[in-house]
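Some notes on the structure that comes next.
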Amino acid sequence: MAEFLNPEVESDYRAGQFELQYFQVRLALLVWAALWMLFLLEDYRHVGFAVELGYLLLQRALVAGAIVGFALLLERRPALLTDSHGLAGLMILSWTGFLFLYFQRPAEEVPWMFALGMVKLIALFVFIPIRLPHAVVVGTYSILGTATVLPLAHGVDGGQLASAVGVMLVPMLTGLVVLYRLQTSQRQQHALLRQAQESNVELAHEVAMRRELEQQLREQATVDPLTGLLNRRQYEGLANREIRRARRTGAPLSLCVLDIDHFKRVNDTYGHGAGDETLQFLARLCQETARETDILGRLGGEEFVFTLPNAGLADALRFSDRLRSRVEAAEIPTQGGVIRVTVTIGVAELSPGDTDLKGLTRRADEALYAGKRGGRNQVCAAA
């Protein structure tokens with residue numbers, strides 16, 4: 001049948017062919033209707049203005065009207081074209097009208113009518129994209145119809161009739177072979193295109209998965225998995241870059257080290273799960289309080305660190321005290337219950353004596369420990 005065995009694939013193929021075939025078929029149908037009416041001049045030449053001309057005119061008008069109506073319906077009813085049931089019915093109607101003309105033509109015009117029928121049969125395979133099963137039905141109908149009307153209308157004998165059928169079989173069988181090869185080739189191309197599209201979808205999905213995996217790997221390499229803050233390695237890289245920039249431009253820069261007071265007591269009292277939730281809560285609070293340009297990281301355990309570009313000691317102290325107050329006032333919901341904690345923060349501003357990040361961090365740590373010794377829940381500045 002020169003069609004896909006899978007009905008869904010075949011339906012998809014036909015739907016895809018509609019746009020390619022619509023204008024071609026519509027033009028062919030309109031030309032077909034015009035030619036059908038044009039032969040009215042030949043009818044007039046034979047019968048003149050006799051009553052018979054009226055019957056011929058009505059017959060041609062009915063067939064031409066059906067063809068034009070079908071052409072106009074194609075856009076609204078694509079199945080008429082893609083399924084080709086309607087096309088086959090239209091062709092059978094046209095052949096029926098053509099076969100009746102044999103009864104209205106003299107015997108000497110039979111060869112001319114027969115030649116016209118051959119052209120009509122060839123046009124079936126050349127101009128109209130009909131499905132192979134329907135082409136077989138229409139072609140068979142045209143041959144059997146011709147073989148039926150020739151003896152009835154003009155008394156054609158058996159030998160002449162067999163010759164006529166044999167002659168009509170040649171274009172029909174040739175056309176069927178060409179149509180079979182054409183439709184098979186078109187469906188093979190569609191199958192290859194469909195396979196390529198599916199491969200592209202799979203490839204796009206694989207690329208998306210790889211990108212997602214790469215993003216996860218980057219996050220794992222740069223982000224602390226518990227708090228979402230930068231891990232120590234990534235933080236130190238960015239902080240060193242800001243220190244070099246501050247050295248180059250002379251802009252101020254400060255560093256803050258935060259430690260949760262009595263965090264071990266939280267783990268011992270509420271459990272390590274509640275301790276993790278506390279760290280996550282404080283990390284979010286730090287991100288909400290900091291500026292977009294600030295660099296936040298987790299040094300380890302319950303210790304966080306912040307690098308504040310373009311911030312002198314006074315600005316860093318205000319930021320730290322605001323953060324400390326927010327932590328003190330926060331009620332942290334955890335699986336072990338609501339927890340309240342405090343933090344101690346040590347602050348140091350970049351000075352000419354700080355040769356690198358390590359020295360600046362050491363001074364902030366010293367201020368932090370001074371705050372711990374001084375009673376905790378406070379902000380202390382490095383000397």
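Bear in mind these aren't lab numbers, they're just calculated from the coordinates by the rules spelled out. All of these numbers come straight from a predicted model, not from anything done at the bench. Positions of Cβ are backbone-derived with ideal geometry, glycine not excepted, and every protein chain shown enters the neighbour counts.
Kindly state, to the nearest 0.05, the FRET efficiency for Arg326 paired with Ser185, given R0 = 56 Å and r defined as their beta-carbon distance.
Given R0 = 56 Å and the Cβ-Cβ separation, E is 0.15.
Apply 1/(1 + (r/R0)^6) to the Cβ-Cβ distance of Val136 and Arg210, taking R0 = 51 Å, and write down the FRET efficiency to the nearest 0.05.
0.50
What is the Rg over Rh value, at two decimals, for the range 238-323, using alpha-carbon atoms and the Kirkwood definition of Rh?
1.05
Arrange the peptides 273-283, 166-176 so that the one whose residues have, on average, the most other Cβ atoms within 10 Å appears first.
273-283, 166-176
Label points 7 Å out from Cα along the Cβ direction at Glu303 and Leu5: separation in nm?
According to this spin-label approximation, the distance is 7.1 nm.
Out of these labelled values of mean projected area of the Cα convex hull in nm², [x] 33.9; [y] 27.0; [z] 22.2, which was calculated from the coordinates shown here?
After the calculation, the listed value that fits is [x].
Go ahead and run the numbers for FRET between Arg245 and Glu75, Cβ-Cβ distance against an R0 of 51 Å, rounding to 0.05.
0.15
So if each residue of separation counts as 0.36 nm, and I subtract the Cα-Cα distance between Leu192 and Asn310, what length gain in nm does that give?
Difference between extended and current length: 36.4 nm.
Sort 301-314, 102-115, 25-38 by the packing proxy (mean of other Cβ within 10 Å over each peptide's residues), most packed first.
301-314, 25-38, 102-115
Relative to the present Cα-Cα distance, how much length would full extension add between Tyr44 and Gln160 at 0.36 nm per residue of separation?
38.9 nm
Cα convex hull of the range 7-199: mean projected area in nm², to one decimal?
That works out to 11.6 nm².
Can you list the lysines whose alpha carbon sits under 24 Å from that of Lys264, skipping same-chain ones fewer than 8 residues off?
Correct list for Lys264: Lys372.
Testing the spin-label approximation: label points 7 Å from Cα along Cα→Cβ at Leu203 and Glu108. State their distance in nm.
7.0 nm
Compute the length gained on full extension between Leu176 and Arg232: take 0.36 nm times their separation in residues and subtract their Cα-Cα distance, giving the result in nm to one decimal.
12.6 nm
Quick check on packing: order 45-58, 355-368, 325-338 by the mean number of other C-beta atoms within 10 Å, highest mean leading.
The densest-packed peptide leads the list: 355-368, 325-338, 45-58.
Select from the chain the helices, each a whole stretch of DSSP H, whose alpha-carbon atoms run 20 Å or more along the helix axis and whose Kyte-Doolittle mean is at least 0.0; answer none if there are none.
Membrane-span-like by this criterion, though nothing is claimed about a membrane: 7-38, 51-73, 85-100, 110-126, 132-154.
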